[in-house]
Every structure is written in structure tokens, then in C-alpha cells.
Amino acid sequence: MWRRWRKLKEAFIEALIRLCGISATIFVVGIFLFVCREAFPLRHNPDFHLTEFFLSIQWYPTSEITKRYGVLAMIAGTFSVTLLSMLMAAPLGLGAAIYISEFCAPRPREILKVLVELLAAIPSVVWGFAGLTITSRLIVRFTSADVGVNLLNGAVLLALMSVPIIVSLAEDAFKAVPDSYREAAIALGATRWQTTWRVLLPAARNGLTAAVLLGFGRAIGETMAVLMASGHAITIPHSVLDPVRTLTANIAAELGEAPAESTHYQVLFLTGVLLFLITFVVNLSAGLVIRRERRS
Amino acid sequence: MNRFATTPLVQAKLRQEALASYAALGMLVCILLPLFGMVGDLVWQAAPSLTWQFLTTAPTHGMREGGVRPAFIGTLYLVTISLAVATPIGVLAAVYLTEYAQDTWFNRAVNIAVLNLAGVPSIVHALFGLGAFVYAAQLGYSILSASLTLAIMTMPVIIASTREALLSVPRSYREACWNLGASRWQTIRAIVLPNALSGILTGVILQVSRAAGETAPIMFTGAVFYKAIQPGTLLPYALDEQCMALSMHLYTLSTQTPGVAASIPNATAVLLLGLVFLVNSAAIGLRTFLRSRGK
């Protein structure tokens, strides 16, 4: 009797563990379905056209006469901010990872890793605040811009936010290269730099790609910092000193004012679907790159 | 002549080495300098407002004066509830992934889902929270909706660090326990989880720091600009009420409150940073202690 009860308890607990195990999958699918569900009624909406959504830069969701729902300018904003930030973050992150993993003595290495970790812990709203108060001041002083909240400001913040991810994942990738590779290179008379450049970079290529991709994914999805620091104009930027609005910032700025079930509200959810798909593709490719590396 | 004299070739090589080393160091400095610069500037600007009263009084005069007590308590509420929800689910999910899952296509999909859940943009989590908890589950704009959204968002942190902790428990421990006739769950409960406890704790601590700083997911699910609370009580909010939160407070102070003294948003930012750094240092300290004990 007691034994049967124990068996039953075990079965219950194992079922619970299995349920929790697949919970992450349930949540990811659930997020996608829920966000899709709210956007779904757009299908029958005469005011909304999918081609206009992707190809128009006109976004007048609250206009009385001509409502327009084009997010092209926001897509351009998202990608310009993110790509500019990656141009800064990828080389800086990889360089810093090379220093930490190859040139640094063990004791300072631990301290530097802790500092990078603290950098990663800074909340995005604090970055946004720093963008409003610190970087915007610097941009006005050192460039010709009249206003400091613009594409450059957003990109600098995003670079600083995604750099810790790149550093720590790239450092892991360097660590995963077997020491025998380093020893073989040193035995041939290579300096540490030659070893890094000719041996470690090619050997850790997949891990480094995944690091940059995950940093990219983080930067695309970032909301508060770009909402506060990138200037909010719905235009396609022509220079790095132009203000932009990203897809994420657009949702954050307008969701509060869009009444539930309105077309405006549904279009914002559709933007959410688009963002979900973009980050999904980026993260999935990072995951596949990591997997390929593990297998080889 | 000295046989080991450095030839021009070797000199060039060493010069290149030194150059590369300094370049890499320079890149690292480029990353860390803003960290110190920013924290220094925030603290400097915040100095006039950094008093004990700031933490214990409510904002007054349309948030232009006074402190942040309701926001601070609101953040504690959100963090505690999301922690209570995310910890058990996250830990058990990690147990499944390390102790039960075989390498099948299904479990590969689960692994990819964990990676993707960590990558979903925070604003999409907000949309989900709004659609699922506020409207579909009819929890309304409330602490509960906001906490549940935060819990889902921060769960991957717990899964990742618990998993690492479970993987570091040697397989021989489990085998020894199985040989004594213990079942799978008994082994996990008696051997694996206690040995991984500290690693799990690190994950939980990191979850706290992540949840405390998030703004976008709570902005549309339960956090408000301003809410008056009973002074003097320790638990002023009910779970179906909206609340203030530090991160949200910083956002509204800096973008939607004209004429506020610079020191107040700065002090809020410093408080938020201090909270997050304190929590993270605890996690780092715990990890260092464990590593030194493990050696």
C-alpha cells in the first residue's frame, strides 16, 4: 500500500518535471500565438493592407481622415541603429575577449570578467536615462548635431548593452579551443598574437559568429534605451545624426494610447509578430551555428 | 657575439605582439570606461538627493519632490512574486533537460525554445502579457499580470544557471545512488539538487537583478505613473492593484515629467543601479566562494 503510494508520487513528480521541461516551448509558442491572435482580425480590415504595412513610410494611425499604417521607416530605423551598433560592438567585443582570454594574467582576468558582468547587469532604462543625460550632451558638444537624441546615440547605447554578451560568449568560444592548438603554434615559434590571429580565430569561428549573432538579437529587441535616446522621428535616416524610431520603440510609445481591439492596437501587435519573427530567425541561426560547432 | 641576440625579425615580431596586446587592451578600456564614466556621473548628479528620506517618503508635488518609497516597494513586490513563480518552474525545467531528456529531435527543439525564449524582445513579452494575462485571463492591469509577465521573461536565466549547476555534479554521484536502489527522483532530490544548490541560488539571484530592472514588460501590464499608498504599512499593495516600480518611475521622471530637479531622476537611477549591482555582487561572491571551496 505504502509502496504503491510512493510509486504514484514518483509518477506524479516525473510528470510535473516533464511538464516544466516543455514549459519553455509552451511559452514560446504561446507568446507567438497570443500576439498573432490579437493581430489576426486585421485580415478582414478594409483600412489595412499588408503591402502598405511593409512598403509605406507613412504612419498616421490616429489621423481622422487618412489612416496609414506603414512601418518601413521603423524597419529602416531598427536596422540602421542595430547595424551601426554592431559595427562598434563586434570589433570591440572580440578585441576585449581576445585580451581577456589570451593576453591577460589570471588574476586581473577574474576582475575584468566581473566588470563585464556588471556592465551586462545595467537595466535598459538606466542606459536610456544615460542616453538622455550623458551621451546626448557629448554628441551635441562633439558633433554638428543640434539635438543629442538620434541614431548615433541609440547605436552607442545598444553597442554598450550588447557588448557584454559578445565578450562573454566569445571568451567561452576561445576557451573551448583545445590548449594543444596553442601549444602547437607556440612550439612553431609563433607569438601570442600570431597564435590568436592564425590559429584561434579560425578555430573558434563558429562560436564567435554565434556570439555576434546573439548580440545582434539582443540589440534588435532592445526597447527602453532606443525609446528614450534615439529621437522618435518616423523618417528614413540619411545620416547618423538623424533621429529615428525603431519597431520596438514604436510599440512602447503607442501601445498605451491605442484602445484595445482598435486597428491601431492590432497593427502594433502585428509589429510585435514581425519583431518576434526577426529575433527568432537570428537566435535560431545562432543556435544552429553553436550546434554545428559542438558536432564537429 | 651573443648567440641569443634578438634578430630584426624577432624584434618585429615582438613589436607586433606588444602592439596587438595594447590594441586589445584599448578595446577593453573602450568598453569599461563608459561603465565607470556613467556610474560616476550618475552618482555625482544624484548626490543632493541621496538621503535616507529619499527611500522612505512618497513623491510629492507631481513627482517633482519627495522620494520613491511606493516605487521601491512596488519593485520588491514584482520581483518577489515573479521569483516565486519562475524559480520552481525554471529549476524543474532544468532538471528535465539535464536528468531526463535524451538527445531526440523533440528535446533539441526544447533546447532551441529555451534559447529563443531568452531572445524574445522585452516589448513582445509586454504584448503577450497584455493579451494573455490582462485580457484573456482577465487579471486586469495588476501586480499579478506584471509579475507573471516578468516571470516568463526571466525564467531562461534560472534554467541556464541551474542547468550548468546540475551538469557540474559528477555522474558517479548519481550512479552510486542508483546502485543503492534509489529511484531517479530520489537521486535527484537527495543527491543532485543539494549538490547543485549554490549554482541554482546564483541563477535565482541573477533573476532578481534582471526582474528589478525591466521596464517594458511591466509598463503595459501593471505598473503606473503614480499611486498613493498608505504610509507606514509594509504591505501597502493588493495583488489585483496596479503599483509603481523603480524602473518605470525612472522612465516617467526622465521623459514625461517636466521641470523635475535633475538630482531626483539621477538618484532613482543610482538606487536602481545600486540594487542591481548589490544583487549581482552577491551572486558573484557566492560563485567565487563555491569555486574556492570546490578546489
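Remarks
- Sites A:Arg3 and B:Asn195, calculated FRET efficiency, Cβ-Cβ separation with R0 30 Å, nearest 0.05: 0.65
- Farthest toward positive dipole pole in chain A [+1 Lys/Arg, -1 Asp/Glu at C-beta], among A:Leu72, A:Thr82, A:Ala229: A:Thr82
- When A:Glu102, A:Glu110, B:Glu214, A:Glu261 are sorted by how many other C-beta atoms sit within 10 angstrom of their C-beta, beginning with the fewest, the order is A:Glu261, A:Glu110, A:Glu102, B:Glu214.
- Ranking of B:Trp52, A:Trp59 by count of other Cβ atoms within 10 Å, fewest first: B:Trp52, A:Trp59
- FRET efficiency estimate (nearest 0.05) - Cβ-Cβ, A:Arg291 to B:Arg15, R0 56 angstrom: 0.85
- Semi-axis lengths, largest first, of the ellipsoid equivalent to the stretch B:242-287 are 27, 12, 6 Å, with √(5λ) applied to each eigenvalue of the Cα gyration tensor.
- Applying the Kirkwood pairwise sum to the alpha-carbon positions of the protein assembly as shown produces a hydrodynamic radius of 25.6 angstrom.
- Modelled FRET efficiency - R0 22 Å, A:Leu115 with B:Val43, Cβ distances, 0.05 increments: 0.85
- Cα→Cβ-extended label distance, 7 Å offset, between B:Thr255 and A:Val281, nm: 2.7
- For A:Arg68, distant residues with modelled amide H under 5 Å away: A:Tyr60, A:Ser63
- Distances between placed amide hydrogens fall under 5 Å for B:Gly66 paired with B:Thr60, all partners being 5 or more residues away or on another chain.
- 15 Å beta-carbon shell around A:Val273, net charge (K/R +1, D/E -1): +1
- The aspartates and glutamates within cross-link reach of A:Lys113, meaning a Cα-to-Cα straight distance under 19 Å and a gap of 8 or more places when in the same chain, are A:Glu102, A:Glu171, A:Asp172, B:Glu164.
- Kyte-Doolittle mean at least -0.5 and Cα axial length at least 24 Å: DSSP H helices in chain B: B:8-46, B:69-95, B:143-167, B:193-213, B:263-294
- Nitroxide proxy distance, nm - points 7 Å out along Cα→Cβ at A:Ala176 and A:Ile65: 5.9
- Principal axis dimensions, the stretch A:1-106 - Cα atoms, whole angstrom, descending: 75, 58, 19
- Residue list for the stretch A:148-164, given a label point 7 angstrom along the Cα-to-Cβ vector of A:Arg141 and an amide N cut-off under 15 Å: A:148
- Here the stretch B:1-147 is treated as a sphere whose radius is the Kirkwood value from Cα pairs; by Stokes-Einstein at 37 °C and 0.692 mPa s it diffuses with a coefficient of 149 µm²/s.
- With all pairs of different C-alpha atoms in the average, the Kirkwood value for the hydrodynamic radius of the stretch A:184-296 is 17.3 Å.
- All distinct Cα pairs of chain B go into the 1/r average, and the inverse of that average, the Kirkwood radius, is 22.3 Å.
- Volume per residue of the convex hull around the Cα atoms, evaluated for chain A, comes out as 219 Å³.
- A simple spin-label model places the labels of A:Ile57 and B:Phe106 5.1 nm from each other, with each point 7 Å out along Cα-to-Cβ.
- Net charge dipole, the stretch A:73-295: roughly 760 debye, given to the nearest 20, about the Cα centre with Cβ charges of +1 for Lys and Arg and -1 for Asp and Glu.
- Our coupling estimate for the stretch A:204-220, obtained by passing each phi through the Karplus curve with A = 6.51, B = -1.76, C = 1.60 and θ = phi - 60°, is 9, 3, 5, x, 5, 4, 4, 4, 5, 4, 5, x, 4, x, 4, 5, 4 Hz, Gly and Pro reported as x.
Bear in mind that the values in this text are calculations on the coordinates, not laboratory data. Because the structure is a prediction, the values reported are computed rather than measured. Neighbour counts run over all protein chains shown; Cβ positions are idealised from the backbone, glycine included.
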